[in-house]
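Encoded as structure tokens, the structure appears first; notes follow it.
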Amino acid sequence: ETGVTQSPTHLIKTRGQQVTLRCSSQSGHNTVSWYQQALGQGPQFIFQYYREEENGRGNFPPRFSGLQFPNYSSELNVNALELDDSALYLCASSIDRGNEQFFGPGTRLTVL
Amino acid sequence: DAKTTQPTSMDCAEGRAANLPCNHSTISGNEYVYWYRQIHSQGPQYIIHGLKNNETNEMASLIITEDRKSSTLILPHATLRDTAVYYCIVRVASPLGGATNKLIFGTGTLLAVQP
């Protein structure tokens with residue numbers, strides 16, 4: 001059974017650019033959640049996708065957007081990057097919304 | 001905001017039991033206690049969860065007080081590889097009406113296992 005995978009592992013962008021991060025959910029999982037983790041902090045919830053629909057959003061501006069595909073993989077898009085967007089971005093998948101979430105290794109984004 | 005309170009850090013000798021406390025005095029009747037851990041720069045790893053009965057799996061044991069206002073995660077024989085940040089989270093297991101079932105992380109407890 002393949003776990004949650006994320007790509008790329010690391011990414012460096014400059015302020016104002018746009019970025020797309022990708023997540024492949026664990027086999028059989030139809031729910032994907034995205035989290036942002038700044039250095040020294042716990043992960044913060046960005047949004048969740050359940051069966052291709054957004055199913056809740058945290059306190060993040062609209063320039064953070066996402067997609068979930070029919071195979072339940074997902075993308076996180078961030079427009080107009082700011083220095084404070086530098087963080088570890090984590091994707092977690094679960095079987096439906098109520099079950100334990102399994103995390104990928106994360107994508108480390110650095111904005112210069 | 002996180003609904004749990006944990007000590008910032010703890011030490012444990014290798015081979016001894018590590019007991020990590022968590023306070024969740026405002027927990028609701030339908031909320032479970034979940035534990036995750038995060039080894040440096042990796043994604044959080046699910047450990048265990050419970051509602052009111054004590055739970056045990058291959059990784060750890062979870063002891064929840066009778067009033068459910070606090071719990072303790074026990075790693076029976078800590079190894080150096082157990083050094084990580086441990087997060088205690090309260091969460092509704094089955095959201096009603098399509099509600100989002102997000103995890104709200106606090107800052108966790110940094111467990112340092114010493115040789």
Checklist entry - Could we say that residue B:84 is within 27 Å of residue A:10 (Cα to Cα), of a type in the set (A, V, I, L, M) and at pLDDT 95 or above here? => result yes
Checklist entry - In this structure, does residue A:26 turn out to be part of a strand (DSSP E or B) and either touching a Pro at 6+ places or on another chain (Cβ under 7 Å) or modelled with pLDDT under 95 (or both)? => result no
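What residue, among those in the stretch B:94-115 that are in a loop (DSSP other than H, G, I, E, B) and under 15 Å from the mean Cα position of the chain (by Cα), is modelled with the highest pLDDT?
First, the residues of the stretch B:94-115 that are in a loop (DSSP other than H, G, I, E, B): B:94-108, B:115.
Now restrict to residues that are under 15 Å from the mean Cα position of the chain (by Cα): B:103-108.
Details: B:103: 86, B:104: 86, B:105: 89, B:106: 87, B:107: 87, B:108: 94.
The qualifying residue modelled with the highest pLDDT is B:108.
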Next on the checklist: Based on this model, can you work out whether residue B:78 counts as modelled with pLDDT of 95 or more and surrounded by 13 or more Cβ atoms within 10 Å (Cβ to Cβ)?
Outcome noted: yes
Item to check | Residue ranges of strands (runs of 3 or more DSSP E) in the stretch B:7-70 with at least 3 members aromatic (Phe, Trp, Tyr), within 12 Å of chain A (Cβ to nearest Cβ) and within 12 Å of residue B:88 (Cβ to Cβ) | outcome: B:31-38
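Filter the stretch A:59-81 for residues that are in a loop (DSSP other than H, G, I, E, B) and within 14 Å of another protein chain (Cβ to nearest Cβ) and give the result. Walk me through it before giving the result.
Within the stretch A:59-81, the subset in a loop (DSSP other than H, G, I, E, B) is A:59-63, A:69-73, A:79-81.
Within the stretch A:59-81, A:59, A:60 meet the criteria.
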Next on the checklist: I'm told residue A:45 meets every condition in (1) free of Cβ contacts under 8 Å to residues at least 60 places away in the same chain; (2) more than 8 Å from chain B (Cβ to nearest Cβ) except one. Can you identify the failing condition by its number?
Outcome noted: (2)
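Test residue A:35 against the stated conditions and say whether it is at the interface with chain B (Cβ under 9 Å from one of its Cβ atoms), more than 21 Å from residue B:36 (Cα to Cα) and of a type outside the set (S, T, N, Q). Reasoning before the result, please.
Details: at the interface with chain B (Cβ under 9 Å from one of its Cβ atoms): yes; more than 21 Å from residue B:36 (Cα to Cα): no; of a type outside the set (S, T, N, Q): yes.
When the stated conditions are applied, residue A:35 does not pass them.
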Next on the checklist: Looking only at the stretch A:82-104, filter to residues that are more than 17 Å from residue B:87 (Cβ to Cβ) and facing chain B (nearest Cβ under 7 Å); which one of those is modelled with the lowest pLDDT?
Outcome noted: A:98
Checklist entry - From the set of residues in the stretch A:64-112 that are touching an Asp or Glu at 6+ places or on another chain (Cβ under 8 Å), touching a residue at least 60 places away in the same chain (Cβ under 8 Å) and among the aliphatic types (A, V, I, L, M), which is farthest from residue A:44 (Cα to Cα)? => result A:111
Checklist entry - Are any of the residues in the stretch A:44-51 part of a strand (DSSP E or B), closer than 22 Å to residue B:41 by Cβ and more than 13 Å from the chain's Cα centre (by Cα)? => result no
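The values are calculated or read from the model by the stated rules, or taken from the named source; none is laboratory data. What you see is a predicted model; the values in this text were computed from it and never measured. All Cβ positions, even for glycine, are placed from backbone atoms using ideal geometry, and neighbour counts span all protein chains on display.
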